[in-house]
1. Could you put 242, 382, 390 in order, starting from the residue whose Cβ has the fewest other Cβ atoms within 10 Å?
2. Would you work out if the range 305-346 is rounded, prolate or oblate? Take a ≥ b ≥ c from the square roots of the eigenvalues of the alpha-carbon gyration tensor; rounded if a/c is under 1.5, else prolate when a/b is larger than b/c, oblate otherwise.
3. Averaging sequence separations of C-alpha pairs under 8 Å and six or more residues apart, then dividing by the length of the range 165-234, give the relative contact order as a whole percent.
4. As I understand it, the value is the acute angle between the Cα axis of helix 407-417 and the longest principal axis of the Cα atoms of the chain; what does it come to in degrees, rounded to 10?
5. Looking only at 186, 199, 230, which one moves most when the chain is put into a Gaussian network model with springs between Cα atoms under 10 Å?
6. Defining a contact as two alpha carbons under 8 Å apart and six or more residues distant in sequence, what relative contact order in percent does the range 203-258 show?
7. Convert 10 °C to kelvin, take the viscosity as 1.306 mPa s, use the Kirkwood radius over C-alpha pairs of the chain as Rh, and evaluate the Stokes-Einstein diffusion coefficient in µm²/s, rounded to a whole number.
8. Would you list 322, 156 from fewest to most Cβ contacts within 10 Å?
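Where a number appears in this text, it was derived from the coordinates with a stated rule and is not lab data. Keep in mind the model is a prediction, meaning the values are calculated, not measured. Methodologically, a virtual Cβ is constructed for each residue, glycine included, from the backbone with ideal geometry; neighbour enumeration extends over all protein chains shown.
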Ligand code: GLA
């Protein structure tokens, strides 16, 4: 194992130049569960008690997270989205939870979630109202930040509806300062760039200084077409957004919808693989009380989670589009590389893709150890750069691999590259 000091040096070298929000949080992409995509703004607890936005929903999700291995896999935050508050602030101007749906109040819910060893997230909005029309925080940033701190909340998702676009940046910065002022560690999840793109290119250096992660693009839906637009947007804007990501601050392509209704199993594998490559927060929005074993296994896949949480903290890039395949690559700690090859064709059967077409395969001169993680785990062993390894990728599916250059190559590369290093013992 690498020493902690060596780790710090490498992480330090790879860090984006901009400072991250200095609250010690999100050193790796956040993992947890968020209600929005699956449960939306269902407030009808009379006719649909099991699926409405109520304290029970989060308590049940937390119970399952502990019992069914989610917590052990790393999923930690149980997050409330829109539609939790009462339509009116209290006499002191504070937000309050809807009394019928949250009879115990948020503090009691936080205590419950904490008793399970998990963390609680809440939702508010930088503007006059939330997107679903509940009270927004405009004019109340300090009050609301203090209220959330008093309730022992651990994460705030801060939305951007009903706000003058020219004031978005200032609003998000002010809420960040207000959270900091409470003295409680509250992870700050922003939608600042998503709303600011409408008027100009956001300043990602500033965003990274104030937020722990940030949504850039439209809300995810439970469909392959929605996923495709998110990937397209990310690839088209990667030069702007990828350098901003690193320990403490991440690009957020929105929730994982694995385990719902709209994606085939291959498409679910594509989402998991690409969210790992993108160093994305892994916030599932599904019903953990009722999820099929294959989706569960995929979401709990330790090897994919390890790529997502890799200590180097370097977000991956889209590196090629060839023969209607998309290639994405992410450098990992220890000179390793994760490679995702997605078959974009929505016609026919599995198609063959030669690994030599992956731009990063050049690190495998003369040899790499290759592990296939998706569509199923398979050690492909030592592969020489010359020998043609051909992969098979299902339509809309993804083959996910890690490649590790054999240490003898590294030694050789170093020897060849710098005469000075010949004086030293390498690796
Ligand atoms: C916006 C956000 C979503 C969700 C809804 C809630 O659309 O982008 O993630 O929070 O608001 O109303």
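1. 390, 382, 242
2. prolate
3. Result for the range 165-234 is 31 percent.
4. That works out to roughly 80 degrees.
5. Taking springs between Cα atoms under 10 Å, the residue moving most is 199.
6. Taking the mean separation of contacting Cα pairs over the length of the range 203-258, I get 51 percent.
7. Numbers: Rh = 22.6 Å.
Rounded, D is 70 µm²/s.
8. By the 10 Å Cβ count, ascending: 322, 156.
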